[in-house]
Structures are given as C-alpha cells and as structure tokens.
Amino acid sequence: MICVLLLLWFFQILFLQKFYENIKTTSTNSAVAEMVEKYRKSDVTTAEDFEKLADEFDMIALDNDFSYMITDSYASKLIHENDHSISYQFSRRQLQELVLNANVSGGITSVQGNVGNSKVLTICSLLKNKSGTTTGYIVLYSIITPVNTTITMLKQNTSVIMLILVVISLILSLVISNSISKPILKITKGDFL
C-alpha cells in the first residue's frame, strides 16, 4: 500500500504541470473548434448579427480563460476583440505569419511559446461563412501554464497529503495485523478462551 501511495505521489509531483498543460490545450482547441463552427453556421450579414455572435464568443472565451480577436479576411483590420490588449500582443509580421500558416495548414495553426515565466498558446483559424468563403480570422491567446506559485502550492499540498496517508496506512496496517495475529497466537499457545 505504501508503494502505491509513493508511486502516486511521485507521478503527481512529476507530471502535474504537464497534465495541466494538456488539459488547458485540449479545452482551448475545443473552444476554437466550437467558435469556428458557430461562425460557419451563423448568417452574419449585419453588425447586429455579429454582435450577437461576439457575445457568444465572449462567453466561450470567458469560460475557457483566453483572449481572442477577429480580423477581416486580409488580417489587416481588427473587427472584434474580447480583451482590449490582445491586438497589441502581436506585431503585424507575427499576425501575417499566423494567417499564412493557418492558410497553408488547412485552416488552423497552433503555436506554443514562452512569455516571461508562462507558457502561452496562440491559435489562428480561418473563419468561413456558409458558402465556404474565408471572411476573416480568429486569433486566440491563452496562458497554458498556471502561475508557478500555484503549482508549487499543489506540490506542497500533495507532499503533506502523502505524508498523512503514509502515517494512516502504517497505523491501519498495525491495527489490522494485530487483529489477525492475536487469534493465531492464542491458538498456538493453546488458549482457546
């Protein structure tokens, strides 16, 4: 039992950050797919239509904790952004490179990088209307690693929990082994009462 607990603790400490990154990356990719599909199914022809869709996109971004912007089909004009600082995250050249990579790779591109102590994920995807014409691009920016102190706290908590579980398992093993061995000892001594 102690070996299992030690193994569990080891893997939590070792793989916690990678596990979190995978969850965050997967949920962000799913959100992008949902947004692109909503755009494709919508019939955006007026500013009011787009505002309704933008409200839905803003909720998806809020639920998944990322920033996004939508540009025109030339990636030259900003149409909407949920966080008024995302457009400043990218130079014109970086944005053009994302758009080019999205066009070359079948409609979507994903880039991971580091900003300070955080790992970030940038996704660029084509936005197509019902007829299949590219009408713009969506660019998402998400921090995929939590604040380092959060990971450190989780690792410390895991260590404390592991220590407590080891102590409890030792006490339980002593109690169980005594309850099993007492009757056996009585039988071997001939004391049947």
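The values are calculated or read from the model by the stated rules, or taken from the named source; none is laboratory data. These numbers come from a predicted model, not from an experiment. Remember, those area values only see protein heavy atoms, side chains included, never the ligands or the DNA or RNA. Shrake-Rupley method; radii C 1.70, N 1.55, O 1.52, S 1.80 Å.
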Checklist entry - Of 72, 43, which has the most accessible area with a 1.4 Å probe, and how do the rest follow in descending order? => result 43, 72
Checklist outcome for this item: Put 36, 175 in order of accessible area, largest first, probe 1.4 Å, and you get 175, 36
Checklist outcome for this item: Reported to the nearest 10 Å², residue 79 has, with a 1.4 Å probe, an accessible area equal to 80
Checklist outcome for this item: Taking a ≥ b ≥ c as the square roots of the eigenvalues of the Cα gyration tensor, with a/c under 1.5 meaning rounded and otherwise prolate when a/b exceeds b/c and oblate if not, segment 35-87 is oblate
